[in-house]
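Beneath this line is the structure, given in structure tokens, with notes to follow.
The values are calculated or read from the model by the stated rules, or taken from the named source; none is laboratory data. Computed from a prediction, not measured in an experiment: that's the story for all the values here. Methodologically, a virtual Cβ is constructed for each residue, glycine included, from the backbone with ideal geometry; neighbour enumeration extends over all protein chains shown.
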Amino acid sequence: MENNVIYGINGPVVTVKNATCFSMMEMVYVGEEKLVGEIIGIKDDFTTVQVYEETTGLKPGDPVVGTGAPMNVLLGPGIIDNIFDGIERPLKEIERESGSFIKRGSSVSSLDPNKKWNVTLKVRLGDKLNGGDIYATLPETPIIEHRLMVPPTINGTVVEIAPDGEYKIFDTIAKLRDENGDVHELTLCQKWPIRTPRPVKEKLPASVPLITGQRVMDTLFPVSKGGTAALPGGFGTGKTMAQHQLAKWCDADIIIYVGCGERGNEMSQVLDEFSELIDPKSNRPMTDRTVLIANTSNMPVAAREASIYTGVTLAEYYRDMGYHVAMMADSTSRWAEALREISGRLEEMPAEEGFPAYLPSRLSEFYERAGRADVLCGAEGSVTLIGAVSPQGSDFSEPVTQNTKRFTRCFWALDKSLAYARHYPAINWMDSYSEYFTDLDPWFEKNLGKDFIKYRNKISYLLQEESRLMEIVKLIGSDVLPDDQKLVIETCRVIRVGFLQQNSFHPEDTYVPLEKQKLMMKTILHLHKQSQKLIAKAIPISQIIGLGLFDKLTKMKYDIPNNRLDMFDEYIKEIDEKLNSIE
Ligand SMILES: Nc1ncnc2c1ncn2[C@@H]1O[C@H](COP(=O)(O)OP(=O)(O)O)[C@@H](O)[C@H]1O
Ligand SMILES: [Mg+2]
């Protein structure tokens, strides 16, 4: 092969003059240390490489060597309970090898090549296999069965097969012969290019909710399994907290958590918290079903650009085994800034606020990889994508927020003034929305009854009514309002404080099952309706409020444990008795 060498270096971007035989998006090794890079431009005599590691010390004349394949990740057992950087380098391994700072060009394999896995073969000699078919399984963690699948691009007949037993990821455990007579070796791992979506058999409608245990999300703004949600909010409004809560509690089988350009200590906090937290369903630590991808603010910017593709590729891989996967990216704004920085180095024509003109298409390509699907192996799986967005100064009109809004169907708008008032989660109920109601309502109706939808609609209606009334109150005070309108305001106080606010640090309140969410709505609306009847009989609202029922309902989230839902009956009874006493 001819010698390709560095011609120029500009931050993470390296140029090669008169390069031979590179193709677009090819993965390359740069310099003597073999830093990982990717070909991102070929124009006239110049080839441009984006380098995923610090380029300090590189110099013109250093070699650039092609790999003949696009930027890819290694998929196989050992992904779960691991922590990777943006190009799937295992951070724990690298730290062990090179001390606390990450050595460049470190050639540690993404997945441990020496670890042995206890493999059970699922096919026999002569079986005809297609891409996606499962040929073996192994316990990856005590709760996740890893299913080894024929790579999507391969099919053939099983011509050799190993016995069940212990194998390392690069061991061949079966061979397939395809129609052309070519033989393909099947190991415990495969590679996949990060920028190419993995194929599925058929996309399915968004008709099953991702249950989060967070009331404002589950009832007012639900997201589906395989759905997309944006979580925009200024600094300190609770994006990271919300993402952690989702990761801990949502009913996905597997969590991919991508820390993208945020502070390093937040990622170590995730690690600590998740290893301590016991998943109530499996009684195992959260880390048994979690993958972390960390590209913190002090790590190279190009790897940050790659991190969300690496994350979503891992998510698709587990989806293809038949799992429901949820991926959180915190924050996609830092990802977009990486894109902007690289684009600037390439001297591309900037669009809005210096972001490249292809920002929208990149965002849309990313969110399009979400979905619930019949996967190739015949099971059902999903990838849900939840992206935090951190607009400067909470200005939602900036390009990353606006474009994310275009490509996501659920919008959880975090609000500075709510956060300031310590109303958490600070999801503003007037600015947020979910476009999944039509898809999800049949599920809610079937699993929780028609009432659930009725209560939710009533709660939304009251909150809108309150917002309208507050405009009047702001102008002329609340004294002028008639009692039935004062009642709306009092009920909405209970909805806001007792229902929408949810305390992540409280053992009962941190996760609330849907059934309890429903009974809470029911109880609040019962008090509202019965009070309305008394007001219609000219009983003054002060007398009704004086009974202390509204205050009691603001605290029922703490007072009624999640396993004592029978207590709601007593609440309803007490409401009826007390209201009857003043009639
Ligand atoms: N749901 C919540 N419950 C209690 N406190 C919260 C909640 N969400 C945010 N906070 C508080 O707000 C602080 C900032 O939240 P964080 O998620 O780090 O904001 P962001 O990521 O948007 O900058 C947290 O340290 C915590 O004190
Ligand atoms: Mg944060």
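Check the stretch 294-311 and report whether any residue there is part of a strand (DSSP E or B) and either more than 15 Å from ligand 2 (Cβ to nearest atom) or closer than 16 Å to ARG89 by Cβ (or both). Can you show your working first?
If we filter the stretch 294-311 for residues that are part of a strand (DSSP E or B), which is where we start, we get 294-295.
With either more than 15 Å from ligand 2 (Cβ to nearest atom) or closer than 16 Å to ARG89 by Cβ (or both) added as a condition, the list becomes 294-295.
Checking the stretch 294-311: at least one residue is part of a strand (DSSP E or B) and either more than 15 Å from ligand 2 (Cβ to nearest atom) or closer than 16 Å to ARG89 by Cβ (or both).
Of all residues being more than 20 Å from PHE505 (Cα to Cα) and among the aliphatic types (A, V, I, L, M) in the stretch 211-251, which is nearest to ligand 1 (Cβ to nearest atom)? Just the residue, please.
Here the answer is LEU231.
Across the stretch 252-263, what is the total count of residues that are assigned to a loop (DSSP other than H, G, I, E, B) and either touching a residue at least 40 places away in the same chain (Cβ under 8 Å) or away from ligand 1 (no atom under 16 Å from the Cβ) (or both)? Can you show your working first?
Here is the first cut: in the stretch 252-263, the ones assigned to a loop (DSSP other than H, G, I, E, B) are 252-253, 261-263.
Filter again for either touching a residue at least 40 places away in the same chain (Cβ under 8 Å) or away from ligand 1 (no atom under 16 Å from the Cβ) (or both), leaving 252-253, 261-262.
Here the count works out to 4.
Can you tell me which residue within the stretch 1-16, out of those that are among the polar types (S, T, N, Q) and part of a loop (DSSP other than H, G, I, E, B), is surrounded by the most Cβ atoms within 10 Å (Cβ to Cβ)? Spell out how you get there, then give the answer.
Here is the first cut: in the stretch 1-16, the ones among the polar types (S, T, N, Q) are 3-4, 10, 15.
Those left that are additionally part of a loop (DSSP other than H, G, I, E, B): 3-4.
Working: ASN3: 10, ASN4: 21.
Among residues in the stretch 1-16 that are among the polar types (S, T, N, Q) and part of a loop (DSSP other than H, G, I, E, B), the one surrounded by the most Cβ atoms within 10 Å (Cβ to Cβ) is ASN4.
Can you give me the ranges of the helices (runs of 4 or more DSSP H) entirely in the stretch 465-583 with at least 2 residues that are under 30 Å from LEU277 (Cα atoms)?
Working: elements: 483-494, 514-536, 541-545, 549-554, 556-559, 567-582.
Ranges flagged: 514-536, 549-554, 556-559, 567-582.
Out of everything in the stretch 413-438 that is surrounded by fewer than 14 Cβ atoms within 10 Å (Cβ to Cβ) and of a type outside the set (D, E, K, R), what residue ends up being farthest from SER394 (Cα to Cα)?
THR438
State which residue is surrounded by the most Cβ atoms within 10 Å (Cβ to Cβ) when the search covers only the stretch 507-516 and only residues that are within 16 Å of ligand 1 (Cβ to nearest atom) and touching a residue at least 24 places away in the same chain (Cβ under 8 Å). Spell out how you get there, then give the answer.
We begin by selecting, within the stretch 507-516, every residue within 16 Å of ligand 1 (Cβ to nearest atom); these are 507-512.
Those left that are additionally touching a residue at least 24 places away in the same chain (Cβ under 8 Å): 508-512.
Details: GLU508: 16, ASP509: 16, THR510: 16, TYR511: 19, VAL512: 21.
Only one residue fits best here, namely VAL512.
Which residue is nearest to ALA379 (Cα to Cα), if the candidates are limited to the stretch 269-322 and must be touching a His at 6+ places or on another chain (Cβ under 9 Å) and among the aliphatic types (A, V, I, L, M)?
MET321
Taking the criterion of being touching a residue at least 60 places away in the same chain (Cβ under 8 Å) and crowded, with 20+ Cβ neighbours inside 10 Å, would at least one residue in the stretch 345-352 satisfy it? Talk me through it step by step, then tell me what you get.
So in the stretch 345-352, the residues touching a residue at least 60 places away in the same chain (Cβ under 8 Å) come out as 345-346.
Restricting the remaining residues to those that are crowded, with 20+ Cβ neighbours inside 10 Å gives none.
Checked against the condition, which is being touching a residue at least 60 places away in the same chain (Cβ under 8 Å) and crowded, with 20+ Cβ neighbours inside 10 Å, the stretch 345-352 yields no hits at all.
Between residues in the stretch 486-506 that are within 15 Å of GLY546 (Cα to Cα) and more than 16 Å from ligand 2 (Cβ to nearest atom) and residues that are of a type in the set (Ser, Thr, Tyr) and part of a helix (DSSP H, G or I), which pairs lie under 6 Å by C-beta distance while being six or more apart or on different chains?
Note: pairs meeting the criteria are LEU487/SER531; VAL494/THR554.
Out of all the residues in the stretch 383-428, which are small (Gly, Ala, Ser), assigned to a helix (DSSP H, G or I) and either in contact (Cβ under 8 Å) with a residue 40 or more places away in the chain or in contact with a Phe, Trp or Tyr (Cβ under 6 Å, 6 or more places away or on another chain) (or both)?
If the condition is that a residue be small (Gly, Ala, Ser), assigned to a helix (DSSP H, G or I) and either in contact (Cβ under 8 Å) with a residue 40 or more places away in the chain or in contact with a Phe, Trp or Tyr (Cβ under 6 Å, 6 or more places away or on another chain) (or both), then GLY393, SER394, ALA419 are the ones that fit.
How about the stretch 281-294: which of its residues are away from ligand 1 (no atom under 16 Å from the Cβ) and touching a residue at least 60 places away in the same chain (Cβ under 8 Å)? Step through it out loud before you land on a result.
Start the filter on the stretch 281-294 by keeping residues that are away from ligand 1 (no atom under 16 Å from the Cβ), which leaves 281-293.
Selection gives SER282, ARG284, THR287, ASP288, ARG289, THR290, VAL291, LEU292, ILE293.
Is the stretch 382-389 home to any residue that is surrounded by fewer than 20 Cβ atoms within 10 Å (Cβ to Cβ), under 23 Å from ALA247 (Cα atoms), modelled with pLDDT of 95 or more and within 13 Å of ligand 1 (Cβ to nearest atom)?
Step one: filter the stretch 382-389 for residues surrounded by fewer than 20 Cβ atoms within 10 Å (Cβ to Cβ), giving none.
Within the stretch 382-389 (the criterion being surrounded by fewer than 20 Cβ atoms within 10 Å (Cβ to Cβ), under 23 Å from ALA247 (Cα atoms), modelled with pLDDT of 95 or more and within 13 Å of ligand 1 (Cβ to nearest atom)), the answer is no, since none of the residues qualifies.
Here is a yes/no grid of residues against (1) of a type in the set (Phe, Trp, Tyr); (2) farther than 16 Å from VAL389 by Cα; (3) within 13 Å of ligand 2 (Cβ to nearest atom):
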| residue | (1), (2), (3) |
| --- | --- |
| GLY233 | no, no, yes |
| TRP249 | yes, yes, no |
| ALA252 | no, yes, no |
| ILE256 | no, yes, no |
| GLY261 | no, no, yes |
| GLY264 | no, yes, yes |
| VAL270 | no, yes, yes |
| PHE274 | yes, yes, no |
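Do you know which residues across the stretch 264-316 are among the β-branched types (Val, Ile, Thr) and within 14 Å of ILE143 (Cβ to Cβ)?
Once the filter is applied, which keeps residues that are among the β-branched types (Val, Ile, Thr) and within 14 Å of ILE143 (Cβ to Cβ), the stretch 264-316 yields ILE278, THR287, THR290, VAL291.
Out of the strands (runs of 3 or more DSSP E) lying entirely within the stretch 113-229, which hold 2 or more residues that are of a type in the set (A, V, I, L, M)? Reasoning before the result, please.
Details: elements: 117-121, 134-139, 145-149, 156-161, 165-167, 174-177, 183-186, 190-193, 202-204.
The qualifying strands (runs of 3 or more DSSP E) are 117-121, 134-139, 145-149, 156-161, 174-177, 183-186.
The rows are residues; the columns are (1) within 16 Å of ligand 2 (Cβ to nearest atom); (2) not aromatic (Phe, Trp, Tyr).
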| position | (1), (2) |
| --- | --- |
| ALA373 | no, yes |
| SER390 | yes, yes |
| ARG406 | no, yes |
| ARG409 | no, yes |
| ALA413 | yes, yes |
| TYR424 | yes, no |
| MET430 | no, yes |
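May I ask you to verify whether ALA302 is small (Gly, Ala, Ser), within 25 Å of TYR52 (Cα to Cα), surrounded by 21 or more Cβ atoms within 10 Å (Cβ to Cβ) and more than 16 Å from ligand 1 (Cβ to nearest atom)?
So ALA302 fits the description; yes.
Step by step: first the residues of the stretch 17-66, then only those that are among the polar types (S, T, N, Q) and assigned to a loop (DSSP other than H, G, I, E, B), then the one that is nearest to GLU305 (Cα to Cα). Which residue is that?
Looking at the filtered set, the residue picked out is THR55.
Do we have ALA336 as surrounded by 24 or more Cβ atoms within 10 Å (Cβ to Cβ), under 30 Å from ASP133 (Cα atoms), aliphatic (A, V, I, L, M) and in contact (Cβ under 8 Å) with a residue 60 or more places away in the chain here?
no
Among all residue pairs at least 6 apart or on different chains, which show Cβ distances below 7 Å where the first residue, located in the stretch 46-59, is within 18 Å of ALA19 (Cα to Cα) and the second is among the charged types (D, E, K, R)?
PHE46/LYS17; VAL49/GLU38; GLN50/GLU38
If ARG468 meets every condition in (1) in contact (Cβ under 8 Å) with a residue 24 or more places away in the chain; (2) surrounded by fewer than 19 Cβ atoms within 10 Å (Cβ to Cβ); (3) of a type in the set (D, E, K, R) apart from one, which number is that one?
(1)
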